[in-house]
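Values in this text are rule-based calculations from the coordinates and carry no lab data. These numbers were taken from a predicted model, which means no experiment stands behind them. Glycine gets a Cβ as well: all are built from the backbone with ideal geometry, and neighbour counts include every protein chain shown.
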Amino acid sequence: MINSVMGKVEIERALRLLEEIKKAAAGREIEIVAATKTVSFETIKELFDNTPIKVAGENRAQELMQKYHPSVLWDFIGRLQTNKVKYIIDKVRLIQSLDRRNLLETINKEAAKHNKVQDVLLQINTGKEEVKGGVNPEEALEAASAIQNYANVRLKGIMAVTPLDISVSERQKCFDTAYGIFAQLKQSYKGIEYLSMGMSNDYIQAIESGANMIRPGRAIFGERAY
Ligand SMILES: *Cc1c(COP(=O)(O)O)cnc(C)c1O
């Protein structure tokens, strides 16, 4: 299931991707979180050694634990079960997929055990029924406010996943909704930095819609990634 070492061609593809991102960004800083599900640590390491990409985004606690090495930065981007939080809390820079109250409580409790303030993104469900996970846009401000009551959790922004099979204009609505929430949170709270949206099929549109963090997987690692 986990692939072998990445070859030269893939590094070149990643470098071309970086060029495209730079163009779309028109001078803004865009942080790339490489979505690394099913990709081996050796491949991740080879990518990071040969490109400016420095953060790996993992979907599954089990997989993160298997691959974990302190030499690279790890974000958690998938649905997180509360009983898995204790295994990853000391390993992750950012949990991008905070989507419910009991997960918030668990992250706070486990982070406290490590004397850590865990940075998180609030996951917004901009696509409604088509995407699992995430709070509805109408509930985002209330959820953001709730996070402020937890001493060991710090809200750094929002993350959005859009449905795969929607039109460009429908996707634009999702991105605009996410951007609107991000802008509101920035006004209300200190330390709001990240608008994480855009995957392999829509990262250009996401950047043009204000994303400053994107999470491409297949666009970096190829279709064989998963
Ligand atoms: C898999 C995944 C990605 C990357 O998807 P690609 O289509 O391979 O770019 C990004 N974000 C999340 C939350 C994912 O699960």
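Hydropathy at least -1.0 by Kyte-Doolittle, axial extent at least 18 angstrom from the Cα trace: which helices of the chain, defined as entire DSSP H runs, fit? All intermediate terms of the calculation are to be shown ahead of the outcome.
Numbers: long enough: 8-25 (26 Å, -0.26); 101-113 (19 Å, -0.87); 168-188 (30 Å, -0.46).
Long hydrophobic helices here: 8-25, 101-113, 168-188.
For the ranges 41-54, 14-27, what's the packing order if you count other beta-carbon atoms within 10 Å of each residue, average per peptide, and put the highest first?
41-54, 14-27
For the range 100-154, what value does the Rg/Rh ratio take when both radii are computed over Cα atoms and Rh is the Kirkwood radius, given to two decimals?
1.02
So for each of 67-74, 166-173 I average, over its residues, the number of other beta carbons within 10 Å; can you give me the resulting order with the highest mean first?
67-74, 166-173
Mean separation of Cα pairs under 8 Å and 6+ residues apart, divided by the residue count of the range 36-172: what relative contact order is that in percent?
Relative contact order here is 18 percent.
Check VAL153: other-chain or 5+ apart residues with amide H under 5 Å from its amide H, H built from backbone geometry?
Residues meeting the criterion, in which the H sits 1.01 Å from N, are GLN118.
Kindly rank 138-150, 198-210 from highest to lowest mean number of other beta carbons found within 10 Å of each residue.
Values: 138-150: 15.2, 198-210: 20.0.
Ranking the peptides 138-150, 198-210 by packing returns 198-210, 138-150.
Give the cross-link partners of LYS54 among the aspartates and glutamates, using a straight C-alpha distance below 13 Å as the criterion and excluding same-chain residues fewer than 8 apart.
Straight-distance partners of LYS54: GLU31, GLU46, ASP75.
How big is the range 22-77 in terms of Cα radius of gyration and Dmax, in angstroms?
Considering the range 22-77 through its Cα atoms, Rg and Dmax are 12.2, 38 Å.
So if each residue of separation counts as 0.36 nm, and I subtract the Cα-Cα distance between GLN66 and ILE11, what length gain in nm does that give?
Roughly 17.4 nm would be gained on extension.
How big is the charge dipole of the chain about its Cα centre, in debye rounded to the nearest 20, if each Lys and Arg gets +1 on its Cβ and each Asp and Glu gets -1 on its Cβ?
The calculated dipole for the chain is roughly 580 debye.
Checking the cross-link filter: which lysines have an alpha carbon closer than 23 Å to that of LYS84, excluding same-chain neighbours under 8 positions apart?
Correct list for LYS84: LYS37, LYS67, LYS109, LYS113, LYS116, LYS132, LYS156.
Amide H to amide H under 5 Å from GLU31: which residues, 5+ apart in sequence or cross-chain, H placed 1.01 Å off N in plane?
MET213, ILE214
Could you work out how far the C-alpha centroid of the range 135-181 sits from that of the range 59-120, in angstrom?
19
What is the set of long-range amide H partners of LEU73 at a cut-off below 5 Å, with H atoms built 1.01 Å from backbone N?
Excluding prolines and chain starts, which carry no amide H, the hits are ALA56.
Rounded, prolate or oblate: pick one for the chain, where a ≥ b ≥ c are the square roots of the eigenvalues of its C-alpha gyration tensor, a/c under 1.5 means rounded, and failing that, prolate if a/b is larger than b/c, else oblate.
Since a/c reaches 1.5 but b/c is at least a/b, the shape of the chain is classed as oblate.
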